[in-house]
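Everything on this sheet refers to the single structure shown next.
The values are calculated or read from the model by the stated rules, or taken from the named source; none is laboratory data. In this text, all values refer to a predicted model and were calculated from it rather than measured experimentally. We place every Cβ from the backbone using ideal geometry, glycine too, and count neighbours over all the protein chains shown.
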Amino acid sequence: MYQHAATQSETALFPVTAFASKMTATGDSSWRSAVLQGFDAVHLSEMGRVALLRRTDTKYLLSEEQISRALARLASHYRILEINGRRRHRYQTLYFDTQDLALYRQHHNGWRNRYKVRERVYTDSDLAFLEVKRKTNTDTTIKSRMRTRALSSQIARNAAPFLRMHYPYRVEELEAELLNAFRRITLVSMHSVERVTVDMDLRFLWNGVRVSLAGIAIAEVKQDGFSMDSEFIRQMRALGVRATGFSKYCIGVSMLYPEVKHNRFKPQLRQIAELLREGRTAYQTYSFH
């Protein structure tokens, strides 16, 4: 059974706040500002009807050039989330797993019922949550969450009852294993209960090593129940972009934990490499201490 190299003392050398500060600075591409200004705004207070904590997800992996073409055609069908004048929002996520990465292995081994545990900071909303995501054998995603103050590499004591309610394994075995940061565009359909998220500028970090996937976009259509009657899905079909499975946590582990078996995720890793080649770039790995 795989045991990763990071110990609790090693993890303490890299405070979460230091991770976050190194990962949030990135500039806007000019196309993003121009395209996003074409959408009417929706505000945080209106998002309740599309919270979709129980939903089906359809994911796409594509280049920034492809997503810019799709977004340019969608302004008459979606509104865009705007918070404090921003239309691209900063997210930071800290994932928890067991020391032998049992939750990662659930996904890698094809378990239909599986879990993820994470802390997420919605920076521009000044919100933070501890979240449990469950994927069921009917491909339904169920998300449960509780408010927290900030990212922390240790799960707070007062979170234990929440976790025991929603997470079926031993809470005391959970440890922080991976940090990511990205910027998200959120679209809300004008015609149905549907939310689309587009994540860009994705970066992973752990144990002093950072991987940057600049130029890649991960789009996710979130619906009450899967339906092809989605303008975003129609745009993906028009661009020849096929739906694919994609887990940020599993891809991050595959890239930053080279000793871990990751055969199941090789198609996505190859697709990432191909998209980056087409964009004449490559994913970048940095080490710092």
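The residues listed here are Arg87, Arg149; of these, the one that is farther than 18 Å from Leu256 by Cα, touching a residue at least 40 places away in the same chain (Cβ under 8 Å) and in contact with a strand residue (DSSP E or B) (Cβ under 9 Å, 6 or more places away or on another chain) is Arg87. Counting only strands (runs of 3 or more DSSP E) that sit wholly inside segment 78-168, those with at least 2 residues that are over 17 Å from Gly252 (Cβ atoms) are 78-81, 89-97, 127-135, 140-147. Being closer than 21 Å to Ser227 by Cβ and touching a helix residue (DSSP H, G or I) at 6+ places or on another chain (Cβ under 6 Å) is the filter; apply it to segment 62-72 and report the residue that is surrounded by the fewest Cβ atoms within 10 Å (Cβ to Cβ). Selected residue: Ala70. Please tell me if Phe265 is crowded, with 19+ Cβ neighbours inside 10 Å, farther than 30 Å from Gly38 by Cα and not aliphatic (A, V, I, L, M). Considered against the rule, which asks whether it is crowded, with 19+ Cβ neighbours inside 10 Å, farther than 30 Å from Gly38 by Cα and not aliphatic (A, V, I, L, M), Phe265 comes out as yes. Of the residues making up segment 247-259, just one is under 24 Å from Asp57 (Cβ atoms) and not in a helix (DSSP H, G or I), namely Ser247. Selection of segment 214-233 for residues being charged (D, E, K, R) and in contact (Cβ under 8 Å) with a residue 40 or more places away in the chain yields Glu220, Lys222, Asp224, Glu231.
The single condition from (1) of a type in the set (Gly, Ala, Ser); (2) within 18 Å of the chain's Cα centre (by Cα); (3) at pLDDT 95 or above that Ala159 fails is (2). Set side by side, the residues Arg237, Arg149 differ, and just one is more than 21 Å from Lys116 (Cα to Cα) and surrounded by fewer than 19 Cβ atoms within 10 Å (Cβ to Cβ), which is Arg237.
Going through (1) without any contact (Cβ under 8 Å) to a residue 60 or more places away in the chain; (2) buried (at least 20 other Cβ atoms within 10 Å of the Cβ) one by one, Ala181 falls short only on (1). Checked against (1) buried (at least 20 other Cβ atoms within 10 Å of the Cβ); (2) at pLDDT 95 or above; (3) not basic (Lys, Arg), Val50 meets all criteria but (2). Residues that are among the small types (Gly, Ala, Ser) and in a helix (DSSP H, G or I) are absent from segment 206-219 altogether.
Could you tell me whether any residue of segment 170-188 is part of a strand (DSSP E or B), small (Gly, Ala, Ser) and touching a strand residue (DSSP E or B) at 6+ places or on another chain (Cβ under 8 Å)? Within segment 170-188 (the criterion being part of a strand (DSSP E or B), small (Gly, Ala, Ser) and touching a strand residue (DSSP E or B) at 6+ places or on another chain (Cβ under 8 Å)), the answer is yes, since at least one residue qualifies.
Scanning segment 111-142 for residues that are in contact (Cβ under 8 Å) with a residue 40 or more places away in the chain and either touching a helix residue (DSSP H, G or I) at 6+ places or on another chain (Cβ under 8 Å) or small (Gly, Ala, Ser) (or both) yields Tyr115, Lys116, Val117, Arg118, Val121, Ser125.
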